[in-house]
């Protein structure tokens, strides 16, 4: 039974307002009447000055701007600081959501398959294929969290952490077929960019020492690479004062031409760069062809392989592909652990064929517990978490686990390629494991099949509309000498399943319909709007480095319009 009772409003016994004397003071009467009119809904804002209430959003911090330019004078409760920062970051593309970032190679989800024979209840049959159920590895995250306070460089205090790094180096060097009778050497880095810097330093120093020993000048060293290289290669050449020699891509060839690369070698060349998985289209450059030409022509020039993305893919998908230390001219390799190495960022690895290729005067020795520990890094202090995470993945997954994951990614990429091709797109990337598990595609042009005459929209417009649907699919302008070729790219990472690929296709169809039904003026307005809002978040009264030099003309992007691709 519901018992009813009279609601107490607090108005009982309240005195009526005094009558308004319009004759005495008309202005006062008008003001009084207005006050009476609003008395029932008078705005009453809380003026609490407390530091923190039981609710983050009930505190004063919720109504104030977060500090942007200067440190605040006072403190902020930890709960508030956490929630305010989390709210800001939630506006970024969330790497864990279903509809999200297909732009980056960086691992956002550390998972691994159950072993060979999972319980029958955990097997899912899909298109006559057995798919292992994937589970979040809390053990890996716990190990990494435990290592947060560990300063990796403090070998004396954390000798076993240093030993774990050495185990990882050995495993990766052996994966890359380091000579069994040699003395391969390597180190962990914060990513492939640092690893590349170290490799370039080693090549330059070794070239310089050889020139000095022969009594020859050491000015104007140069390095040969494809114009499709990631921007860190431009940085390395610029920072270390090395001339850049580029082998340009074309509309039909998106990788380095081995003949052209070898033809550029001169006495000042410190090395040739070969990419195992280009950032744009995922192609594997032909390292073996470069090696064989150097051997055939008896040219003493080393090769560095940029295996940032492909180093943890090719050994498991195309194990017979010769790109690594099986080739005598390959002296160093870099690989990213936080890409297809399946570790959260950032960790990378640099490996040299032997100590001969890493000049001793670049190495610093640190003594711990009476033993010498060699160090070759650009930075010093860094956390140990990612190295621990890499070791966990290597021993937890093993070769079988990595092979299973990479094989599924190749299948997913092939499926997505086929579906996009059905929609009339031109597929620029390789299939069947011939390159990275990604899909690079573009609209057909000219006399190509399915080309639309006078199409009012381009790849960038499609990328913008997909972003409105929640997908981050980047559009790029290709490397120089490709006649302004535009493209889109989808990176298939560990958590990008076949069903998600089908969801993406559904939204691509929807966006194509919207674009096709829009007039040119509307599309141009939308393009300007998107450009305005992706380049500036709110008003800024100050300038940061990223904005102050946005019109630079010294890089390939500044000179040619090439887009520096997301890695």
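Any read-out appearing in this document is the output of simple, stated calculations on the displayed coordinates, not a laboratory observation. Quantities reported herein were computed from a predicted structural model and do not represent experimental measurements. Quick reminder, even Gly has a Cβ in these numbers, built from the backbone with ideal geometry, and neighbours come from all protein chains shown.
Structure summary
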item: Peptide ranges 484-496, 439-451 listed from the most packed, as the mean C-beta count within 10 angstrom indicates; result: 484-496, 439-451
item: Cα-based shape type of the stretch 280-373, given that a ≥ b ≥ c are square roots of the gyration tensor eigenvalues and the cut on a/c is 1.5; result: oblate
item: Three-way shape label, the stretch 399-538, alpha-carbon gyration tensor, a/c 1.5; result: prolate
item: Hydrodynamic radius of the stretch 141-392 per Kirkwood, over alpha carbon pairs, in Å; result: 18.6
item: Full-extension gain in nm, residue 235 to residue 499, via 0.36 nm per residue minus C-alpha separation; result: 91.1 nm
item: Mean Cβ count within 10 Å, highest first, over the residues of peptides 254-265, 415-426; result: 254-265, 415-426
item: In nm, spacing of pseudo-spin labels at residue 481 and residue 170 (7 Å Cα→C-beta vector); result: 4.5
item: Segment residue 514-residue 66, length gained on full extension (0.36 nm per residue, minus Cα span); result: 157.5 nm
item: Where labels lie 7 Å past Cα in the beta-carbon direction, separation of residue 361 and residue 322 in nm; result: 3.6
item: Gain upon complete extension [residue 267, residue 432; 0.36 nm per residue less C-alpha separation]; result: 55.4 nm
item: Gyration tensor (alpha-carbon) shape descriptor, the stretch 177-306, a/c threshold 1.5; result: rounded
item: Within the stretch 141-392, percent of DSSP bridges classed antiparallel, to nearest 5; result: 50
item: Mean Cβ neighbour count within 10 Å, used as a protection proxy, ranking 142-152, 504-514 highest first; result: 504-514, 142-152
